[in-house]
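Asker: Dropping the structure in here first, questions after.
The values are calculated or read from the model by the stated rules, or taken from the named source; none is laboratory data. Model, not experiment: these values are computed from the prediction. Cβ sites come from the backbone with ideal geometry, for glycine too, and all protein chains shown count toward neighbours. Each accessible area value is taken on the protein alone, full model and side chains, heavy atoms only, with ligands, DNA and RNA left out. Shrake-Rupley method; radii C 1.70, N 1.55, O 1.52, S 1.80 Å.
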Amino acid sequence: QVHFVESGGGLVQPGGSLRLSCVASGSIGAIYIMGWYRQAPGKQRELVATITIGGSTGYADAVKGRFTISRDNANNTVYLQMNSLKPEDTAVYYCNYYTSRGDNWGQGTQVTVSS
(Lines give C-alpha, C1' and ligand atoms only; values in the text may rest on other atoms or scores of the structure.)
Protein backbone atom coordinates (compact mmCIF):
# COMPACT_ATOMS: atom_id res chain seq x y z
CA GLN A 1 0.00 0.00 0.00
CA VAL A 2 1.21 3.50 -0.88
CA HIS A 3 0.76 6.42 1.51
CA PHE A 4 0.86 9.99 0.27
CA VAL A 5 1.29 13.27 2.10
CA GLU A 6 0.36 16.31 0.01
CA SER A 7 0.93 19.82 1.30
CA GLY A 8 1.27 23.43 0.24
CA GLY A 9 -2.24 24.27 -0.87
CA GLY A 10 -4.20 27.24 0.40
CA LEU A 11 -5.72 30.59 -0.42
CA VAL A 12 -3.67 33.04 -2.46
CA GLN A 13 -4.40 36.29 -4.27
CA PRO A 14 -4.18 36.50 -8.06
CA GLY A 15 -0.56 36.90 -9.09
CA GLY A 16 0.67 35.07 -6.04
CA SER A 17 2.65 31.85 -5.68
CA LEU A 18 2.33 28.50 -3.99
CA ARG A 19 4.52 25.41 -3.84
CA LEU A 20 2.88 22.01 -3.61
CA SER A 21 4.70 18.96 -2.29
CA CYS A 22 3.82 15.27 -2.42
CA VAL A 23 5.75 12.61 -0.54
CA ALA A 24 5.09 8.92 -1.08
CA SER A 25 5.97 6.03 1.20
CA GLY A 26 5.18 2.33 1.44
CA SER A 27 5.17 -0.33 -1.27
CA ILE A 28 5.76 2.10 -4.11
CA GLY A 29 7.80 0.01 -6.49
CA ALA A 30 9.84 1.67 -9.21
CA ILE A 31 8.54 5.16 -10.03
CA TYR A 32 8.45 5.94 -13.73
CA ILE A 33 6.50 9.16 -14.02
CA MET A 34 5.30 11.67 -11.42
CA GLY A 35 2.63 14.18 -12.18
CA TRP A 36 0.16 16.73 -10.94
CA TYR A 37 -3.49 16.84 -11.94
CA ARG A 38 -6.27 19.17 -10.91
CA GLN A 39 -10.03 19.12 -10.74
CA ALA A 40 -12.16 22.23 -10.53
CA PRO A 41 -15.78 22.10 -9.35
CA GLY A 42 -18.02 20.70 -12.06
CA LYS A 43 -15.11 19.83 -14.33
CA GLN A 44 -13.15 16.72 -15.18
CA ARG A 45 -9.74 16.05 -13.70
CA GLU A 46 -7.04 17.39 -16.01
CA LEU A 47 -3.33 16.96 -16.38
CA VAL A 48 -1.21 19.87 -15.15
CA ALA A 49 2.40 18.66 -15.40
CA THR A 50 4.51 15.51 -15.54
CA ILE A 51 8.14 14.59 -14.96
CA THR A 52 9.85 11.35 -15.90
CA ILE A 53 12.50 9.48 -13.96
CA GLY A 54 15.04 11.06 -16.29
CA GLY A 55 13.79 14.55 -15.58
CA SER A 56 11.88 15.26 -18.78
CA THR A 57 8.92 17.52 -18.14
CA GLY A 58 5.62 18.30 -19.80
CA TYR A 59 3.00 20.93 -19.08
CA ALA A 60 -0.56 21.75 -19.96
CA ASP A 61 -0.78 24.81 -22.20
CA ALA A 62 -2.72 26.68 -19.52
CA VAL A 63 0.21 26.57 -17.08
CA LYS A 64 3.27 26.75 -19.34
CA GLY A 65 5.66 29.44 -18.24
CA ARG A 66 3.99 29.79 -14.83
CA PHE A 67 4.29 26.35 -13.21
CA THR A 68 7.41 24.23 -12.69
CA ILE A 69 7.44 20.56 -11.74
CA SER A 70 10.45 18.97 -10.06
CA ARG A 71 11.25 15.79 -8.19
CA ASP A 72 13.51 14.38 -5.50
CA ASN A 73 14.03 10.76 -6.45
CA ALA A 74 15.84 9.86 -3.25
CA ASN A 75 12.86 10.92 -1.16
CA ASN A 76 10.02 9.91 -3.51
CA THR A 77 8.88 13.52 -3.60
CA VAL A 78 7.41 15.64 -6.36
CA TYR A 79 6.93 19.40 -6.25
CA LEU A 80 4.87 21.91 -8.19
CA GLN A 81 5.96 25.53 -8.04
CA MET A 82 3.05 27.71 -9.12
CA ASN A 83 3.67 31.37 -9.95
CA SER A 84 1.46 34.11 -11.36
CA LEU A 85 -1.61 32.27 -10.15
CA LYS A 86 -4.97 33.07 -11.71
CA PRO A 87 -8.51 32.51 -10.44
CA GLU A 88 -8.94 29.79 -13.07
CA ASP A 89 -6.18 27.81 -11.36
CA THR A 90 -8.56 27.22 -8.45
CA ALA A 91 -8.99 23.46 -8.03
CA VAL A 92 -8.09 20.44 -5.97
CA TYR A 93 -4.60 19.38 -6.99
CA TYR A 94 -3.65 15.69 -6.95
CA CYS A 95 -0.23 14.11 -7.28
CA ASN A 96 0.07 10.93 -9.31
CA TYR A 97 2.83 8.34 -9.35
CA TYR A 98 2.91 5.87 -12.24
CA THR A 99 5.00 2.96 -10.99
CA SER A 100 5.87 -0.66 -11.66
CA ARG A 101 2.95 -1.51 -9.36
CA GLY A 102 0.41 0.67 -11.10
CA ASP A 103 -1.18 4.08 -10.83
CA ASN A 104 -1.24 5.81 -7.45
CA TRP A 105 -3.04 9.00 -6.43
CA GLY A 106 -2.57 11.42 -3.58
CA GLN A 107 -5.52 12.60 -1.49
CA GLY A 108 -5.59 16.09 -3.02
CA THR A 109 -4.90 19.58 -1.75
CA GLN A 110 -7.12 22.60 -2.31
CA VAL A 111 -5.74 25.63 -4.12
CA THR A 112 -7.94 28.73 -4.17
CA VAL A 113 -6.94 31.86 -6.06
CA SER A 114 -9.12 34.77 -5.09
CA SER A 115 -8.92 38.40 -4.04
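Asker: Could you check how much of the accessible area of segment 60-115 is carbon and sulfur, as a whole percent, using a 1.4 Å probe?
Answerer: 42 percent
Asker: Using the Cα atoms as the points, what is the convex hull volume per residue of the chain in Å³?
Answerer: Hull volume normalised by residue count: 90 Å³.
Asker: Pop out the ³J(HN,Hα) list for segment 58-65 in order, Karplus 6.51 cos²θ - 1.76 cosθ + 1.60 with θ = phi - 60°, rounded to Hz; leave Gly and Pro as x.
Answerer: x, 9, 5, 4, 5, 10, 4, x
Asker: Enter the Cα centre distance for the pair segment 84-99 and segment 1-54, rounded to the nearest angstrom.
Answerer: 6 Å
Asker: Determine the order of Tyr59, Tyr94 by accessible area, beginning with the largest, at a probe radius of 1.4 Å.
Answerer: Result of the area sort, largest leading: Tyr59, Tyr94.
Asker: For a quick check of your reading of the filter: which trypsin sites (Lys or Arg not before Pro) in segment 51-96 sit in a DSSP loop and have no more than 12 other Cβ atoms within 10 Å?
Answerer: The qualifying sites are Lys64.
Asker: Here's something else I'd like to know. Hey, can you find the accessible area per residue of segment 5-68 for me, probe 1.4 Å, expressed in square angstrom?
Answerer: On a per-residue basis, 54 Å².
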